[in-house]
Structure formats: structure tokens, C-alpha cells
Ligand code: ADP
Ligand code: MG
Ligand code: MG
């Protein structure tokens with residue numbers, strides 16, 4: 001095997017082997033762009049090193065051979081005393097990864113060669129500046145010295161000279177600093193700063209290899225689900241110098257605006273600077289456009305190169321460049337990150353430019369980006385007083401009064417106040433407070449902290465880890481840079497940017513939602529441009545997708561909204577909501593019924609109410625399928641809370657005025673109590689033990705359908721039996737249902753074509769799907785319960801209790817309730833789908849549950865051949881888009 005590739009030997013498709021940076025440096029080299037010569041050590045070399053603890057035997061010789069060639073090409077030798085070649089050693093994995101060692105510049109400088117560099121460049125100051133940078137970077141990243149020690153020494157040097165920026169330090173000052181830095185290395189690392197240039201290089205290469213397994217890098221990979229065995233490449237690149245005076249400098253740029261997608265000149269430039277200076281903010285940069293005045297020739301060349309890169313990569317690129325005494329050098333490029341809005345705009349702009357086709361445009365956007373665009377956001381025009389910034393943990397724009405404990409959050413929100421719950425960090429005790437709050441703000445914890453995980457699960461805005469905020473829960477206030485926010489003061493938090501504001505920032509609705517709602521059309525201004533792009537991408541997606549998208553909706557209002565958002569039916573109508581509110585009393589009577597007549601009587605009264613619900617629903621979804629699930633939850637959910645009831649009964653007793661009904665209710669609550677209600681009397685089991693319940697519901701559906709038909713409508717009801725574990729359960733309920741339907745047909749004289757099917761949400765149902773399909777015309781995978789029962793996780797409890805630990809330990813990167821667990825739950829879905837279809841080839845297959853609107857899960861459902869996904873109305877556009885992406 002070959003472990004080292006010259007920049008002229010690679011290309012952009014070799015990211016696995018050369019890492020992103022190396023592959024793109026090679027690509028630019030081959031495009032004839034000015035890239036300083038160099039070579040890349042492959043990820044394979046790294047892997048061998050990490051596996052065996054030793055560098056592959058051939059590596060040293062290969063590096064020597066490439067270094068020789070580089071030295072010949074440059075006409076100087078690495079670290080040579082009179083005319084040194086200097087190089088940078090740069091890490092570069094397939095995915096860029098925070099927590100890995102980044103880069104050491106100026107490798108090859110030593111006490112001797114610094115003199116040579118001074119002579120070669122005719123610039124003493126520059127030479128000593130480069131040397132002190134080397135010791136600083138090398139000391140920190142290779143030898144593990146605390147970087148602050150160098151920074152402090154640099155600060156001290158500036159202070160004693162009474163200057164503010166590093167460029168004002170002169171050669172003599174820098175020379176002194178070098179001595180100081182070397183002392184720091186000696187005392188902190190227990191060794192001298194290496195004077196041998198090749199030793200410097202080899203140590204740096206090894207440090208890059210080792211950094212692959214740094215704690216932060218490992219954690220990042222677990223969270224982002226990047227495999228641990230990819231390894232990193234190492235790039236050795238000959239140095240060019242942006243710190244050679246005012247006709248030198250360094251900059252970063254985008255080929256178009258990463259915020260709007262507009263073409264133009266976007267970037268920053270810093271004269272007389274090296275490497276990270278631009279982004280580190282040590283001096284004020286100038287806008288890239290100013291480079292035209294500073295160095296017109298380089299500017300024109302850069303513009304030309306940016307155009308070349310865009311046309312070549314057919315996408316927005318970001319670049320790093322350096323100008324050395326009027327000569328432009330390209331140091332890095334990659335397809336650049338962009339905002340969600342820009343992703344949509346750029347994709348359509350590139351289609352218009354003829355650079356990509358529609359199928360490719362679909363791959364350039366994601367459902368997550370679309371979801372982000374659908375949150376309301378703060379008005380950018382409005383004045384806002386930012387007081388801090390944390391991690392954007394769960395998107396949205398939330399405004400409310402600051403509260404510092406859950407109790408107050410609940411109390412205030414009950415009296416109609418909007419509140420933001422502010423905590424140092426949250427724990428399971430804060431759950432009710434989090435539910436009551438508009439948004440959650442914490443000063444500690446990252447993207448997998450309790451606050452972040454739970455907030456995302458609830459779809460609630462959250463900013464976490466805003467470290468500069470000092471949260472004092474005892475005194476109910478927070479302090480940040482001298483500003484004090486007391487309980488009750490209004491704050492605004494932006495879960496998409498992580499920004500925290502004092503006072504109310506006005507919120508504007510998402511233009512994308514306005515568009516889906518039909519309240520806005522594509523036009524010319526900025527927001528309309530976004531809407532036009534979304535409109536076009538959605539049209540591509542709808543054209544190519546195979547999966548249909550339905551909504552989970554329980555009433556006509558939600559159904560109509562879902563239709564506007566593009567739903568092609570209802571995949572899950574939960575009927576339990578029709579048993580609440582003022583119907584509760586009837587349901588209580590049903591549960592308490594001692595005699596058959598009592599029970600029949602309450603069912604009779606429920607029937608017309610249910611029927612009316614269905615008529616409205618079928619009308620809203622006229623012409624589209626509506627899957628109605630018969631009653632699913634355990635009955636105790638319809639009874640009053642046991643504590644409340646007990647207190648009421650006890651009070652009445654002490655007054656010697658017992659309430660007969662309350663007493664019976666309390667008895668019923670006790671009778672119905674179950675240790676594990678989610679595994680208890682619910683779903684099809686209710687239909688089997690409570691005579692008349694399911695048949696009443698079926699009758700309501702059938703009569704509603706008949707009424708709609710008589711009104712010249714086109715109702716397409718599908719009746720779904722929940723929590724079936726064996727085909728026998730289904731057969732009994734189905735026989736009863738068919739009988740009721742026949743009765744209704746007879747009575748109304750209307751021919752009804754009602755489909756009967758089941759949910760697959762128990763492992764046993766999935767395992768016997770072949771048998772169950774004998775009695776079912778359709779399956780709908782209830783992946784919430786299926787995940788719960790396959791993993792043995794109680795969905796209502798685990799997210800707040802141990803999931804944070806699971807996520808932190810990397811057991812999974814994301815909750816299996818959020819994204820389908822392909823290996824476990826997913827494989828059951830697949831085998832059940834196959835078995836069902838083997839029995840009944842025209843079996844209709846769908847999925848309802850949160851996974852139906854989750855991008856990754858949608859791709860999975862496409863792959864296993866389901867017919868549709870069903871999700872909450874708001875997620876429908878996301879599911880449509882991802883279904884299109886999966887199919888294209
Ligand atoms: P990162 O992955 O953090 O971007 P880089 O390897 O790109 O790290 O290097 C960090 C900085 O050093 C960048 O600004 C880059 O342009 C600069 N740099 C890297 N190699 C050289 C070089 N050979 N000559 C001049 N500057 C360089
Ligand atoms: Mg870089
Ligand atoms: Mg269920």
C-alpha cells in the first residue's frame with residue numbers, strides 16, 4: 001500500500017483516504033490553482049498507527065521520499081540553517097471535527113534557521129514572529145502545554161511595551177518572547193522545544209494521529225454518529241506567509257453569501273497576518289471587498305478562482321487564502337455550510353444557472369432545514385438587546401418573563417403569563433415547569449443535556465449552556481456582564497441561534513408556513529424569494545416521491561390544515577379525544593355501568609356525538625382515506641385523578657355527606673388500577689371485554705360514511721384495531737364490525753366500502769404478521785408503541801430519566817423514539833411488512849407515530865417499501881420533502 005500522496009496525485013473524491021482537506025487541496029492543485037506544494041499522509045496510515053500503536057514501517061521512508069521531492073521542487077531544505085523550507089502539518093479527517101488537533105504552522109524553524117529565514121526574507125521581525133508562533137502552536141497542540149500560558153506571556157509583552165496589537169511588537173520583543181516561550185515549554189512539558197526540524201515534523205504528525213482519539217473528538221463522533229474507525233489524514237504543506245508586511249495577508253471567503261445565497265463578494269481579510277488570526281479576532285479584519293483597493297491584482301485573481309471553484313464543485317464553496325508579497329495562494333476549500341434558507345435558494349439558483357438538475361437540487365436540502373424554516377422567528381429588523389449566547393438546542397423564538405424554578409413557572413403560566421424557565425441545568429423534577437414554559441434557558445450543559453433532550457422532544461424552544469450567564473436560583477436572578485435580570489423581567493431566547501435577549505423581541509411568523517397555509521405567494525422581495533425556492537423544491541419532491549404522506553389528525557380543523565400542507569389522507573385519527581370534555585360524564589357512566597341497560601344507554605348517547613365528529617372529519621378529507629383507530633388508552637385515563645377524588649370523598653365523609661357517585665368512581669378507579677397500564681387493559685382488549693364499545697364506534701363510522709355518501713360526498717373510512725397481538729383477537733372484532741356495517745348498509749340502503757385493518761405495535765403482531773394479514777386489509781405500524789415494547793422502554797419516563805446518560809455514553813446518538821432504530825425495531829417492521837405482503841399482496845402498509853415525520857426514518861420506510869407515512873400536520877412538508885429525497 002501507498003501511505004503518502006502528493007497533492008498532484010489525489011482528487012476530491014478521495015476523501016475517505018485523504019480526508020476532506022487533503023482531497024480538496026489535491027483537487028485545486030489539479031485545477032491549476034496556486035496551491036503551495038505538499039503531500040498527504042493517508043487515513044490508512046493513521047488507522048495502522050492507532051491499531052498497532054506504531055507507525056507503519058514503510059511510512060517513514062515514504063515521507064522522506066516525498067519530503068525530498070518537495071525540497072527539490074522548492075529549492076530549499078526543511079529547516080536548513082541558511083535558507084529553510086518551512087511546512088505546516090494539518091489534520092484533516094473525512095468530516096471536519098472539533099476536538100481534534102488542528103494545525104501547526106512554521107514547522108522547520110529553530111534557533112538557527114530563524115536567522116536564515118530573517119536573511120531570506122530580509123525581515124527580522126517576521127522571522128521571530130513566525131518562530132514564536134511555532135513554539136506556541138507546537139507547545140500547545142503537540143506537547144500539550146496549556147495555551148493560556150503563552151497567551152498570557154504575549155499579553156504581558158504587549159503591556160510592557162504599551163502596545164495593543166501583536167504587529168506592534170518588534171523583532172527584539174519577539175526574540176525575548178521566544179526565550180520566554182521556550183522556558184514555558186521546558187517547565188511544562190519537561191523537555192526542550194525540539195531543534196531538529198524532522199523531529200518537529202514527525203512529532204506533529206503523530207500528534208495529529210493521536211488527536212483522533214482525544215476525548216472531545218470521540219464524544220463528537222458519538223454524537224454525530226461518525227464511525228470511530230475512519231482515522232484522520234495529515235497534510236504537509238509548504239508554508240506561504242501572510243505576515244510578511246502590509247503587502248501580505250490572509251483571508252477567508254465564500255463564493256456566495258452563506259446566509260442568503262446571493263452571489264457577491266463575501267469574506268474577511270487581514271493584512272500582515274498568519275493562519276487563524278482572521279477568525280481568532282485578534283485584530284479587526286476588513287471586508288473582502290476592500291482587498292480590491294489593497295491589492296487589485298490578487299483580488300481579481302481571487303474572484304476568478306472563486307468562479308472556477310463554484311463551476312467546478314457546482315456549489316457554494318468556502319475558501320482560505322493567503323497573499324505573500326502580492327502573490328495569491330489557496331490554502332483550503334470545501335463545499336461550505338449555509339443557513340437553512342440559503343440551502344433552498346442556492347439549490348434553485350444552481351438549477352437556474354444550469355449547474356445542477358432538479359434531482360440534485362433535492363439532495364442539496366434536508367427536511368431538518370425545512371423544519372427549521374417553519375419555526376416563527378425574531379424580527380431581524382427589530383431592535384434587540386442581546387445579553388448572551390448559548391447553544392442552539394431546540395429551535396424557535398420564545399418570549400416570556402424570567403422564572404427560576406418550576407413551581408413559579410407553573411403558577412405563573414396557570415395565571416396566563418408566558419414564562420421562560422431559567423435554570424443552571426434542568427433535571428427530571430423540572431419537567432412540569434418545562435412544559436409550562438414558553439422556552440428553557442440554561443447556563444450549563446450541551447446538546448445532549450437534560451434540558452436539550454427533553455425540550456427537543458417536546459418541540460419547545462431551548463438555549464442551553466449559555467456559560468456567561470450567572471444563574472442564581474436562590475435569589476431568583478441572573479447576572480451577565482453587569483446586567484441583572486430579576487424574576488419577572490422579560491427575556492427572549494432564540495433556539496435557532498442560541499442568542500439571549502433582554503426584553504421582548506417581536507416575533508414574526510415563518511414565511512414558509514404562511515406559504516403552506518396559502519396566505520403568501522412567491523414574489524420579489526427577500527422572504528418571497530425563499531418561498532419561491534421552497535415552492536419549487538417541494539414540487540420536485542412531490543413529483544418523484546413514491547411514499548404518500550398522511551396526517552395524524554383527530555378533528556376537522558387539523559384535517560383541513562393537514563390538507564393545506566399537502567396531506568393525502570389521515571393515517572391516524574385517535575378517537576379517545578372524542579371521549580373527553582363534556583362527554584366525560586357519559587364515559588364515566590359507561591365505565592361505572594352495573595347493568596347491561598345502563599351500559600347500552602350511555603353507549604347510545606355517545607353514538608350520535610361520535611357520528612357527528614366523523615361526518616365533519618370525512619367531509620374535511622373528502623375523497624381521501626381516513627384511518628380511524630378504535631379506542632386505545634386504558635380506561636382509567638378517563639376517570640378523575642385518584643388523589644383528588646380521595647380527598648373529595650374524605651371531605652364529604654367528614655361532613656357526613658357522602659356523594660354516592662364519587663364513591664362509585666373511587667371504587668372504579670381502584671378496580672381499574674394497573675401496575676403497568678401501558679401493558680394492561682387497552683386497545684383491542686377493551687373491545688373484547690367491554691361489550692358494545694367497539695361496535696358503537698364502528699356504527700358511528702359507518703353511519704357517518706353513509707350520511708356523507710347520501711350528501712354526494714366521497715368518504716373513505718378505514719377502521720383500525722389497535723394493540724393486536726394475535727390474529728384471533730382481530731378476527732373476533734372484525735366479525736362483529738362486519739356485522740354492524742352490514743346492518744348499517746341495510747338500514748341506510750347505502751353500500752359502504754370500509755376497510756378493516758390493524759396496527760402492528762406489539763412484537764408478537766410483527767412476528768406473526770403473516771397470520772394477521774389474513775384478517776387485515778391494511779397494517780399501520782405504530783412505531784411509538786413498537787419501540788416501547790421492543791426495547792422495553794417506557795416512553796413517558798425514559799426521556800427524562802436515563803436517556804441523557806445513554807446519549808452521553810453514546811449508546812445511541814439520538815433517541816429511538818425520535819429516529820427509528822433500524823437494526824431492532826426497523827428490522828421487525830421490514831420482516832412484518834414482507835410477511836404481510838406474502839399473505840396478501842395488496843396489503844396496504846403505512847406507519848403512524850412520531851417516526852413518520854422524522855427525516856431518517858422516512859428514508860427507511862421508503863426503503864422497506866411502505867405505502868405511506870403519517871405524521872402530525874406540521875411535519876407533513878418535511879415528510880413530503882424527505883420522501884422525495886429518498887426516491888430521487
Ligand atoms: P483548520 O482545519 O482549523 O481550518 P488549517 O489546516 O486549515 O486548519 O490551518 C489553520 C490556518 O493555517 C488556516 O488559516 C490556514 O489557511 C493556515 N495555513 C495552513 N497551512 C498553511 C501554509 N502552508 N501556509 C500558510 N498558512 C497556512
Ligand atoms: Mg482551515
Ligand atoms: Mg399505540
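The values are calculated or read from the model by the stated rules, or taken from the named source; none is laboratory data. In this text the structure is predicted, and so the values were computed from the model without any measurement. A quick note on method: Cβ atoms are made from the backbone with ideal geometry, for glycine too, and the neighbour counts reach across all protein chains shown.
Yes/no per residue for (1) surrounded by fewer than 17 Cβ atoms within 10 Å (Cβ to Cβ); (2) over 30 Å from residue 797 (Cβ atoms):
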position	(1), (2)
647	yes, no
650	yes, no
660	yes, yes
667	yes, no
671	yes, no
686	no, no
690	no, no
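Among the residues in the stretch 430-444, are any touching a helix residue (DSSP H, G or I) at 6+ places or on another chain (Cβ under 6 Å), assigned to a strand (DSSP E or B) and without any contact (Cβ under 8 Å) to a residue 24 or more places away in the chain? Scanning the stretch 430-444 turns up no residue that is touching a helix residue (DSSP H, G or I) at 6+ places or on another chain (Cβ under 6 Å), assigned to a strand (DSSP E or B) and without any contact (Cβ under 8 Å) to a residue 24 or more places away in the chain.
Within the stretch 572-589, one or more residues are buried (at least 18 other Cβ atoms within 10 Å of the Cβ) and within 28 Å of the chain's Cα centre (by Cα). Among the residues making up the stretch 841-861, those that are surrounded by 18 or more Cβ atoms within 10 Å (Cβ to Cβ), within 18 Å of residue 778 (Cβ to Cβ) and out of contact with any strand residue (DSSP E or B) (no Cβ under 6 Å at 6 or more places or on another chain) are 843, 851.
Among residues belonging to the stretch 327-351 that are in contact (Cβ under 8 Å) with a residue 40 or more places away in the chain and within 16 Å of ligand 2 (Cβ to nearest atom), point out the one that is surrounded by the most Cβ atoms within 10 Å (Cβ to Cβ). Selected residue: 333. For the stretch 606-616, check the following and say yes or no: at least one residue is more than 30 Å from residue 796 (Cα to Cα) and at pLDDT below 85. Scanning the stretch 606-616, I find no residue that is more than 30 Å from residue 796 (Cα to Cα) and at pLDDT below 85, so the answer is no.
crowded, with 17+ Cβ neighbours inside 10 Å, more than 24 Å from residue 137 (Cα to Cα) and more than 16 Å from ligand 2 (Cβ to nearest atom), is that true of residue 47?
It is true that residue 47 is crowded, with 17+ Cβ neighbours inside 10 Å, more than 24 Å from residue 137 (Cα to Cα) and more than 16 Å from ligand 2 (Cβ to nearest atom).
Can you tell me which residue within the stretch 313-326, out of those that are surrounded by 20 or more Cβ atoms within 10 Å (Cβ to Cβ) and assigned to a loop (DSSP other than H, G, I, E, B), is nearest to ligand 1 (Cβ to nearest atom)? It comes out as 316. Every condition in (1) out of contact with any helix residue (DSSP H, G or I) (no Cβ under 6 Å at 6 or more places or on another chain); (2) modelled with pLDDT of 95 or more; (3) more than 16 Å from ligand 1 (Cβ to nearest atom) is met by residue 51 except one, and the failing one is (2). Among the residues of the stretch 352-368, those identified as part of a helix (DSSP H, G or I) and surrounded by fewer than 20 Cβ atoms within 10 Å (Cβ to Cβ) are 352, 358, 359, 360, 363, 368. Report whether or not residue 166 is buried (at least 16 other Cβ atoms within 10 Å of the Cβ), closer than 24 Å to residue 102 by Cα and in contact (Cβ under 8 Å) with a residue 40 or more places away in the chain. So residue 166 fits the description; yes. Output the residue which, of all residues in the stretch 710-743 that are in a loop (DSSP other than H, G, I, E, B) and touching a strand residue (DSSP E or B) at 6+ places or on another chain (Cβ under 6 Å), is nearest to ligand 1 (Cβ to nearest atom). Checked the stretch 710-743; the qualifying residue nearest to ligand 1 (Cβ to nearest atom) is 722.
Mind checking whether some residue in the stretch 342-350 is closer than 25 Å to residue 537 by Cβ and assigned to a loop (DSSP other than H, G, I, E, B)? Full working, then the answer.
The initial filter retains those residues of the stretch 342-350 that are closer than 25 Å to residue 537 by Cβ, namely 342-350.
Filter again for assigned to a loop (DSSP other than H, G, I, E, B), leaving none.
Scanning the stretch 342-350 turns up no residue that is closer than 25 Å to residue 537 by Cβ and assigned to a loop (DSSP other than H, G, I, E, B).
Cβ separations smaller than 6 Å between residues 6+ apart or across chains give the following pairs from the stretch 74-93 residues that are within 14 Å of residue 119 (Cα to Cα) to residues that are part of a strand (DSSP E or B) and away from ligand 1 (no atom under 15 Å from the Cβ): 85/77.
Only one of the listed residues (139, 92) is away from ligand 1 (no atom under 15 Å from the Cβ) and not in a loop (DSSP other than H, G, I, E, B). That residue is 139. Filtering the stretch 74-96 for residues that are more than 16 Å from ligand 2 (Cβ to nearest atom), over 15 Å from residue 239 (Cα atoms) and surrounded by fewer than 24 Cβ atoms within 10 Å (Cβ to Cβ) leaves a non-empty set.
Restricting attention to the stretch 140-151, does a residue exist that is surrounded by fewer than 21 Cβ atoms within 10 Å (Cβ to Cβ), more than 16 Å from ligand 2 (Cβ to nearest atom) and within 22 Å of residue 271 (Cα to Cα)? Yes, the stretch 140-151 contains a residue that is surrounded by fewer than 21 Cβ atoms within 10 Å (Cβ to Cβ), more than 16 Å from ligand 2 (Cβ to nearest atom) and within 22 Å of residue 271 (Cα to Cα). The set of residues in the stretch 372-421 being crowded, with 16+ Cβ neighbours inside 10 Å and in a loop (DSSP other than H, G, I, E, B) consists of 374, 375, 384, 390, 395, 396, 404, 405, 417, 418. For the stretch 806-827, the criterion of being touching a helix residue (DSSP H, G or I) at 6+ places or on another chain (Cβ under 8 Å), more than 16 Å from ligand 2 (Cβ to nearest atom) and within 15 Å of residue 724 (Cβ to Cβ) is satisfied by no residue at all. In this structure, residue 478 qualifies as assigned to a strand (DSSP E or B) and surrounded by 18 or more Cβ atoms within 10 Å (Cβ to Cβ).
Selection of the stretch 176-197 for residues being out of contact with any helix residue (DSSP H, G or I) (no Cβ under 8 Å at 6 or more places or on another chain) and in a helix (DSSP H, G or I) yields 179, 183, 186, 187. Under the condition of being more than 16 Å from ligand 1 (Cβ to nearest atom) and closer than 21 Å to residue 73 by Cα, the residues counted in the stretch 12-48 number 3.
Would it be correct to say that residue 227 is assigned to a loop (DSSP other than H, G, I, E, B), more than 16 Å from ligand 3 (Cβ to nearest atom) and in contact (Cβ under 8 Å) with a residue 24 or more places away in the chain? Here the answer is no, as residue 227 does not meet what is asked.
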